[in-house]
Structure formats: structure tokens, C-alpha cells
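Asks: I have a structure here, written as C-alpha cells, and I will follow up with some questions on it.
The values are calculated or read from the model by the stated rules, or taken from the named source; none is laboratory data. Just so it is clear, the model here is predicted, and its values are computed rather than measured. As a convention, Cβ positions derive from the backbone with ideal geometry for all residues, glycine included, and neighbour counts pool all protein chains shown.
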Amino acid sequence: MITASIVKELRDKTNAPMMDCKKVLTETNGDIEASIKLLRERGIMKSSKMADRAANEGVITARVNAEANSGLLLELNCETDFVSKNESFQAFVGDIADALALSTAADLDAALAHRHGEQSLDDTIKAKVGEVGENLQFRKYVRYDAAPGGVVASYIHLGGKVGVLIEVGTTQPASAGTESFKELIKDLTLHIAACAPKGLSREDIPQSVVDNELDIFRTRLIAEGKPANIIENILKGQIGKFFAESCFLEQGFVKDSDVKISALLEAKGKELGDTLTVTRFVRFGLGE
């Protein structure tokens, strides 16, 4: 009888998928060494040898349901651009996205543990390593389930090298069905992809990041010989400019830099007779 403990022992030694471990143990009547030999012969142990190789290529993809109230964004990495452009690899990433779209996996750990056929997605990806001959990493995963009245949308740029997921809140359900709202959502995701804001508002920028910027500005001003009594006033202006460049709501719209995103949302809300709010967003850049 092949017990769970012996399957785990083989998996720990080889990093091979659970189902493959169970299969070879059955074939060898539970002989660990013989099972390791079989796994090596079949190329299934390649994943453990490749685990430390850099995986900075790959594909970013998204799924949003028909009701536009739930969506996900994920990044699966490989080592080379050659593999990332392969139709089989792209179909594999799509299959993972489709499976997760039907799941309730809320974070990366839950996504990796999600059952995909007879094994977890984690084991499915490890098994794929032996097939493609490269290290694969399921690096990023985000899922948004919108609050009542919220709309989720996505955008994939440069053939899967940049991806955006956004949630926009409304107070009038009818707004989401208008062409004007749909155009706004598209523009917002394009802006995020192009301008890579660091946060939604000032509150989203970690204080450590702000302090680091202030230190850089202060050092530069001292080196320029600015008087100590005016440095702090200059710093206020420079950190304000930093926030304007970094915070989504304060950034100039990519299609019209004279219009802030906050003003764009307010204007579109008035046009629709609604109050529109960007609740959250995420941007993935391949390998970042």
C-alpha cells in the first residue's frame, strides 16, 4: 500500500508533483530509490534543478466575469521570450486563468493550492517545467470582488508584458452600462499602464518612501548651497511635485496632462449624474 507519508517523502526529496510521485511509487512497489530513478528518467525532476534559474519573461493575463463585478490579474513567468511567445505556453497560462476565474482564490497562496484536475495548480506548474525545459514561476496574482455598485475592468498591454486591474465605484447602477463610462474605464486603465502610479492617493505612499525622497532632495539642496532657513520651504514644493507624479488621483491624465485624474472622475460623474470613485487598482509589469 502506498501511504501518504511515503508519497510526501518522495516529493520532498525530488520536488516532483504529488501525482507523479504516487504513480512511480505504485510502479516500484514503494521503493524510494527506484522511484527517484524513474522520475529522473522521465525528466520530472528537472524542476528542482531549475528552481533557482531566473524567470523574468512570461505572460500577464486577466479575466473579468460577464457581470464586471469580479476579476483577476496574474503573471506566470518563464526564462526566455521564446517560450513566452509559444502558443502552448500561452494556452497553458490561459487555462490557469480560466480555472482561477471559476474559483474563489483570493490570493497567491490560495491560487497555488487550487485544485486543477487531480492536483493543485502548484503541482500542475511544476509538471509543466519538465515539458518546457525552463523554470516557471507563478509570481503574482490579484483578485478583485467589487463592492455593491462597483465595476471591475482590466487591460493587457504589449502582448502581456503589462497588465492592469481596476475597481471603480458608482452610486447609480445604470452608469456602468453607458458608453461614456466604458470609455472612462478604458482611459483609466490605459493611464495606469502608461504612467505606473505608485499609489491611489498620498495615503498609499509608504512613509519610508516619502522620507527617502525628502533625504534625496535635502542632500541635493545642501550640495547646491541653499541656505538652511529656506530648505524646508523648498522641500514642501518638491515633495508636492513628487506626490503629483506618483499618486494616481493627482497625476495629469495621459491624454491631457492639464487635467488631473481626480478632475476627470468628477467631470465624468457630473456628466452621468453619478459619483465615481476609483476604489483600487493594481499594475503588473513583467518581471518587476
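Asks: Please count how many residues of region 162-211 are touching a helix residue (DSSP H, G or I) at 6+ places or on another chain (Cβ under 7 Å), under 13 Å from F248 (Cβ atoms) and among the hydroxyl-bearing types (S, T, Y).
Replies: The total comes to 1.
Asks: Within region 56-94, work out how many residues are of a type outside the set (F, W, Y) and out of contact with any strand residue (DSSP E or B) (no Cβ under 8 Å at 6 or more places or on another chain). Lay out the reasoning, then the answer.
Replies: Step one: filter region 56-94 for residues of a type outside the set (F, W, Y), giving 56-81, 83-88, 90-91, 93-94.
So of that shortlist, the ones also out of contact with any strand residue (DSSP E or B) (no Cβ under 8 Å at 6 or more places or on another chain) come out as 66-67, 85-88, 91.
So the answer is 7.
Asks: Please go through region 219-256 and pick out each residue that is among the aliphatic types (A, V, I, L, M), surrounded by 11 or more Cβ atoms within 10 Å (Cβ to Cβ) and free of Cβ contacts under 8 Å to residues at least 60 places away in the same chain. Walk me through how you get there before you give the answer.
Replies: Step one: of region 219-256, the residues among the aliphatic types (A, V, I, L, M) are 221-223, 228, 230-231, 234-235, 239, 244, 249, 254.
Applying the additional criterion that residues be surrounded by 11 or more Cβ atoms within 10 Å (Cβ to Cβ) yields 221-222, 231, 234-235, 239, 244, 249, 254.
Once the filter is applied, which keeps residues that are among the aliphatic types (A, V, I, L, M), surrounded by 11 or more Cβ atoms within 10 Å (Cβ to Cβ) and free of Cβ contacts under 8 Å to residues at least 60 places away in the same chain, region 219-256 yields L221, I222, I231, I234, L235, I239, A244, L249.
Asks: Restricting attention to region 266-285, which residues are in contact (Cβ under 8 Å) with a residue 40 or more places away in the chain and assigned to a helix (DSSP H, G or I)?
Replies: Within region 266-285, K268, E271, L272 qualify.
Asks: Taking the criterion of being modelled with pLDDT under 95 and of a type in the set (K, R), would at least one residue in region 157-176 satisfy it?
Replies: No; the residues of region 157-176 include none that is modelled with pLDDT under 95 and of a type in the set (K, R).
Asks: Could you list, in sequence order, the residues of region 16-31 that are crowded, with 19+ Cβ neighbours inside 10 Å and outside any helix (DSSP H, G or I)?
Replies: Residues satisfying the conditions are A16, P17.
Asks: Residues being within 14 Å of R139 (Cα to Cα), without any contact (Cβ under 8 Å) to a residue 60 or more places away in the chain and of a type in the set (A, V, I, L, M, F, W, C): count how many of those fall in region 70-90.
Replies: 1
Asks: Also, quick follow-up: State whether the residues of region 163-174 include one that is closer than 17 Å to F281 by Cα, assigned to a helix (DSSP H, G or I) and in contact (Cβ under 8 Å) with a residue 60 or more places away in the chain.
Replies: Within region 163-174, none of the residues are closer than 17 Å to F281 by Cα, assigned to a helix (DSSP H, G or I) and in contact (Cβ under 8 Å) with a residue 60 or more places away in the chain.
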